[in-house]
Amino acid sequence: MSDKNSGYLDMELLRFTTAGSVDDGKSTLIGRLLYDSKAIFEDQMEAIEKASERIGNEEVNLALLTDGLRAEREQGITIDVAYRYFATPKRKFIIADTPGHIQYTRNMVTGASTANVAIILVDARHGVLEQTLRHSYIASQLQIPHVIFCVNKMDLVDYSEETFEKIKSDIDGFSSKLSVKDIRYVPISALNGDNVVDRSEKMDWYQGPTLLHLLENIHISSDINHEDFRFPVQYVVRPQTAEFPDYRGYGGRIASGAVKVGDPITVLPSGFTSKVKTIDFFEDTLEESFAPQSVTITLEDEIDISRGDMLVKSDDLPNTTQDLELMVCWFNERNLIPRGKYVIRHTSAEARCMVTGVQHKMNINTLEQNTEDLTVKMNDIAKINLRVTKPLHIDSYSKNRITGSVILVDEGTNETVAAGMII
Amino acid sequence: MDKYQINHLRELEAESIFVIREVAAQFENPVMLFSGGKDSIVMFHLARKAFYPAKVPFALLHIDTGHNFQETLDYRDNLMEETGTKCIVRYVQDSIDQGKAVEEKGVNASRNKLQTVTLLDALEELKTDAAMGGGRRDEEKARAKERFFSHRDEFGQWDPKNQRPELWNIFNGRKNMGEHFRVFPISNWTEMDVWQYIYMENIELPNLYFTHKREVFNRDGVWMFKAPFMQLKPGEELVEKDVRCRTIGDITCTGLTLSKADTIEDIIQEVAATRTTERGGRSDDKRSESAMEDRKKEGYF
Ligand SMILES: Nc1nc2c(ncn2[C@@H]2O[C@H](COP(=O)(O)OP(=O)(O)OP(=O)(O)O)[C@@H](O)[C@H]2O)c(=O)[nH]1
Ligand SMILES: [Mg+2]
C-alpha cells in the first residue's frame, strides 16, 4: 500500500504480554517501564499518587497504572488484562498486563493470545513456581515466538549473580521441554528500575541488554506465516447500486501469505476454481496484498461463496477435515463433558462439535502427560479429539496461528469455555 | 521495513475493519454510536472502508444531550448527507420530559450521565443487539480493561470482574435474548494514532478541533465554553482566548485547550508534547476515582 505522506508515521507494532505468578511484580514492571520511558501523563501520575496514599502505600505504587478496577485496587492484585500503549522512536508497543492468580488464567490467555513477546516474571526470592510453569507452558502452546524471563526483585536478594544463575538454570531445565524459539533472561528490579529502561549500577556482572532494549530490537516480522495464502471470507460485499450493479466482493483479513491479481484460487468447501480479478481497498485497487491486511477480493467467475468459506491458492491447500486433534486450555467452572456437544468457531466458520476423546492432561509441575485422570477442569490443559458437524479448513497451529486456532462455546450459556490449538 | 510489512497505522486499520465486518456479520441489528468527535469520525471512516463500494450496512445512532456544540451537529448532518448514511438521533431532553431521567442541579450540572438512560432506551426501542462505540483503551483505566466484544446483560450492565475470555481474533458474539454487546473497533488506538491516521487519510474534522477565538471561563483550572444554559460561579469571568477542543463531548464537560494549532500537523506536534491525558479536561471523569468504571457498569458508552 502506498502511503504518500507516511514518513515518520512508519513504525512497527509490537504486542507483548506479562506473565508469571501472583505478586511477582508484573504490574509494577509495566508501571516502571511506562514511567521510565516518560509515557505517563501528569494527571495520571497525580491520580495514582492520591490512590496510593489512600490505600496506605508509603511510596507511589506504579502497579496502579494498570490495576485500574476498584476491586483490583482493594485487593492489590490484577484480575483482568489491562492494555497499555507506549512508543519509543523505534517502535509502538501494545502491552497486555495479565493477572498471575490461577483463578484468572483465562484472562492471562486472553492477553497472551495476540502477543509477539511474553515477559515472564520470576520473584528472585521464590524462584520458579507452579504458575511460572503454567504460564511458560501456555506461552509455548500459544507459540509466542519470543519469551523474556525477568528475574525480578533483585533488590531483595542483594543483586546476587548466584541467585540469578540458579534460577536461570532451573528455567533452562524445564524450557527444553517447551517449544519456544527464542528465550532471553534479564535480572531486574521493577520497583527501583534496574535494567528495565536504564542499566543497573548494582549488577555490573550482567552485561546483556536492558528489557526495553530487547523489546525495541527483537526481530518480529518473521513471526507471520508469509507462505500459505489463506483468506477466510468474513463478509460478502454486494452494493447493488446503479454505479456497481453486479459487484460481488469478498471482504476479509488475509490470515497468512500473499495474493496477486491473476492468481489461481480454489474456493473451499465447494472446490470451485477461479482467478483473482481485483483486490480492492476502499477507493484503491491493489496489485498484491498480504497478511495481515483487510481487503475485498473479487474473482473472475460467478461462484456461490459465503461467510465461513475460505479462498486459498490452488497449489497450496489446507487440510479439510471433520476430525480435529487439539490442545485445549479449559476456562470454565464446569468441566469438559466427554461426548459433550459444543459450538466451535474457526476463523469465520461456525459449527457444532462433539468431544470424541480426551488423550491426556498436562501435569504442569512435571510437564508430563497424565493419562490416568482425564477429567478436564478449569485451568487444565489437555489434548482432546473433536468431531465437527461440517468440514473445517485447517492448518496446524504451529504453522498458522489463525487457521490453526479454535474456540469452544457452551451452547446453553454462550460462554467461551476453551481455547484450542490444532495439532 | 520488509516487503510484507505494514506500519502500525495500517495494522490498526486492518484490525478495526476486521472487527467492524465481524459485527455486521454476527449481529442482526447493529448500530454504530456517533458523537461527532474525532474517534467516532475515524470509526465511521473505517466502516466505510470495510464495506466499500457498498454503503455501510447499519445505521448510526447519536444520543443528543441538547448541550452539543452547533458545529458538531452541522458536521454530522453534512457527513450523513455526503455519504448517504442514516443517522438516528435520540434526545436526552425526551427522557427528561418522560420523567425517566432527572436533570442535575447546581452550577456543575451536566447531562453527561443522563445519556445512559436515553442510550439504553434507544437500544431497546431499536432492538439493537450490538452497539459499536469509539472508546479507546488508552483513554481511561476502566476502558483499558475492556474487550473488543463486551457482553452486556439484560439491564445493559457490564461486569468487569467476569468478562468473557477473548482469544486471538475469534470473537464470540453469542448471547441470550435481551442481552447485547458493546463493541469497540478502535480499542487499540491511542490518541496519537487517531491523529496520525486522520493526517494520513486526510479526514475532514469539525472546526472545533482547530484554533479559534472564543469567550471562555476558567473552572477548577479547566477552560470551558459558556453556553446560555450554564451559570458562572462568583469569581469566574468570561475572557476571549485562542482555543481548540482536544476531545468533543457535551459542552458541560468538554474542556478547551489554549492553542494556536490550525493544521493536523500542528495538532500532532501538540499531542506529542502534551503532558496530560486527553480526558484530563473532562470533568465527568474527575468526579471520583472510579467514575468511569461506575458509569460503564450502568451501561454508559
Ligand atoms: N522489593 C521489590 N518489590 C517489588 C518489586 N517488583 C514488585 N514488587 C512488589 O511486589 C508486590 C506485587 O507487585 P505487583 O506488580 O502487583 O505484582 P503482579 O505480578 O502484577 O501481581 P498479580 O497481577 O496480582 O499477579 C508489590 O507490593 C510490589 O511493590 C521489586 O523489584 N522489588
Ligand atoms: Mg498485576
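The values are calculated or read from the model by the stated rules, or taken from the named source; none is laboratory data. Computed from a prediction, not measured in an experiment: that's the story for all the values here. Cβ placement follows ideal geometry from the backbone for every residue including glycine, while neighbour counts extend to all protein chains displayed. For accessibility, only protein heavy atoms count, side chains too; no ligands or nucleic acids. Shrake-Rupley method; radii C 1.70, N 1.55, O 1.52, S 1.80 Å.
Side notes on the structure shown:
- Rg(Cα) / (2.2 N^0.38 Å) computed for the protein assembly as shown, rounded to two decimals: 0.96
- Solvent-accessible surface (1.4 angstrom probe) belonging to B:Phe229, in square angstrom, nearest 10: 90
- Total charge dipole magnitude, the stretch B:174-230, about the Cα centre, Cβ charges on Lys, Arg, Asp, Glu only, Debye to nearest 20: 260
- Semi-axis lengths (Å, descending) of the ellipsoid that matches the C-alpha gyration tensor of the stretch B:205-286: 21, 14, 11
- With 23 Å as the limit, the listed pairs B:Lys38/B:Lys86; B:Lys141/B:Lys161; A:Lys166/A:Lys399; A:Lys313/A:Lys399; A:Lys90/B:Lys260; B:Lys113/B:Lys213 have A:Lys166/A:Lys399; A:Lys90/B:Lys260; B:Lys113/B:Lys213 beyond it between alpha carbons.
- Near B:Ala101: Cβ cut-off under 11 Å, other residues only, Lys/Arg at +1 and Asp/Glu at -1. The net charge is -2.
- Gap separating the Cα centres of the stretch B:42-79 and the stretch A:270-323, nearest whole Å: 31
- Reciprocal mean inverse distance between Cα atoms of the stretch A:319-422 - Kirkwood radius, Å: 13.6
- Theoretical ellipticity at 222 nm over the protein assembly as shown - DSSP helices of four or more residues, -39500 (n - 2.57) apiece, nearest 500: -7000 deg cm²/dmol
- Contact order normalised by residue count of chain B, Cα under 8 Å, 6+ apart, percent: 20
- For the segment B:10-22, counting C-beta atoms of other chains within 10 Å of every residue's C-beta and taking the mean gives 6.
- Length, then width, then depth: along the principal axes, the Cα atoms of the stretch A:11-223 run 45, 38, 36 Å.
- Taking the empirical scaling 2.2 N^0.38 Å for compact globular proteins as reference, chain A has a Cα radius of gyration ratio of 1.08.
- Taking every alpha-carbon pair under 8 Å whose residues sit at least 6 apart, chain A reaches a relative contact order of 11 percent.
- Size descriptors for the stretch A:61-185 (Cα atoms only): Rg and Dmax, in that order, 15.0, 40 Å.
- Test item: B:191-199 mean partner chain Cβ contacts at 10 Å: 2
- Radius of gyration, Dmax [the stretch A:239-293; alpha carbons; angstrom]: 12.4, 35
- Each residue of the stretch A:11-24 was assigned a 3J(HN,Hα) from its phi angle through the Karplus curve 6.51 cos²θ - 1.76 cosθ + 1.60 (θ = phi - 60°); the sequence is 10, 8, 9, 10, 9, 10, 10, 9, 7, x, 6, 3, 6, 6 Hz, with glycine and proline shown as x.
- Sorted largest first, the spans of the alpha carbon positions of chain B along the three principal axes are 55, 53, 39 Å.
- Selected from A:Ser179, A:Ile79, A:Val355, residue furthest toward positive end of dipole (chain A; charges at beta carbon): A:Val355
- The stretch A:162-180 and the stretch B:186-249 have Cα centres spaced 53 Å apart.
- The stretch B:149-220, relative contact order in percent, only Cα pairs under 8 angstrom and at least six apart counted: 31
- Intensity falloff of the stretch A:63-121 expressed as log10 I(q)/I(0), Debye formula with alpha-carbon point scatterers, at q = 0.20, 0.23, 0.29, 0.30 Å⁻¹: -0.77, -0.96, -1.27, -1.31
- Quarter of the Cα convex hull surface for the stretch B:130-211, i.e. its orientation-mean projected area (nm²): 7.2
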